[in-house]
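K.L.:
Here it is: the structure, laid out below.
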Amino acid sequence: MRPKVILYWFLVSLAFTLTQPGAIAFANWDAPYGFYKDLSAWMSCAGAFLIIATAYGLIEWRRGKLSPLHPLGAGIVTTLTILLGYWAEGPIRGQMGYGSPNILVFIAGGFIGLLLALMLLPIMIPSFLVDGLGGLYYPYDKPLIVAWLISLAVSAILLGIYIKIRRKGATEPGSPAP
């Protein structure tokens, strides 16, 4: 498999890995609305990240560095992520002014949420080291903790595969330097 493909899917996996801690932090900033608000905030931020990753995949496809199946696959993941987030917002829409009136507002809000989630990420890392996962999450967020740990593992595996492929390519005679 080409290193560019692995690197692209690593970028796609980072949409879930990098956004979750910050998204949960700002979702619970004012008051805990419950599991659905946390899931909705995370999927909104991840969806915005995935839109950017899909656009990048389309650029790389036009340059001939990716097969069209890769941005198509990322587009499907993007669509499902956004739909899941918008669906999760449904049960709490309108409670204390929370919720998007339509999916376009949900997507636009996802980009604002993405910025917030990425800005909060460096603050959340020391919080994990001091308080552990229990310092950020409420008890009802256990499925989100499991999902985040899985996304973290997937990202680490993809990064490991990418590094291994790059090192293998660098040691073969006649291959360009990494």
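K.L.:
Just for helices (runs of 4 or more DSSP H) wholly inside region 1-119: which have at least 3 residues that are in contact with a helix residue (DSSP H, G or I) (Cβ under 8 Å, 6 or more places away or on another chain) and open to solvent by 70 Å² or more (accessible area, probe 1.4 Å)?
P.N.:
35-62
K.L.:
Report, by residue number, each residue of region 125-141 that is at pLDDT below 85 and assigned to a helix (DSSP H, G or I). So that I can check it myself, show each step before the final result.
P.N.:
Restricting attention to region 125-141, the residues satisfying the condition of being at pLDDT below 85 are 125-139.
Result: ILE125, PRO126, SER127, PHE128, LEU129, VAL130, ASP131, LEU133, GLY134, GLY135, PRO139.
K.L.:
Let me ask something else. Looking at the structure I just gave you, is ALA147 surrounded by 14 or more Cβ atoms within 10 Å (Cβ to Cβ) and either over 14 Å from the mean Cα position of the chain (by Cα) or free of Cβ contacts under 8 Å to residues at least 60 places away in the same chain (or both)? Lay out the reasoning, then the answer.
P.N.:
Values: surrounded by 14 or more Cβ atoms within 10 Å (Cβ to Cβ): yes; either over 14 Å from the mean Cα position of the chain (by Cα) or free of Cβ contacts under 8 Å to residues at least 60 places away in the same chain (or both): no.
No; evaluated as a whole, the condition is false for this residue.
The values are calculated or read from the model by the stated rules, or taken from the named source; none is laboratory data. In this text, all values refer to a predicted model and were calculated from it rather than measured experimentally. Note: ideal-geometry Cβ built from the backbone for every residue, glycine included; neighbour counts use all protein chains shown. Just the protein is used for accessible areas: all its heavy atoms, side chains included, with ligands, DNA and RNA removed. Shrake-Rupley method; radii C 1.70, N 1.55, O 1.52, S 1.80 Å.
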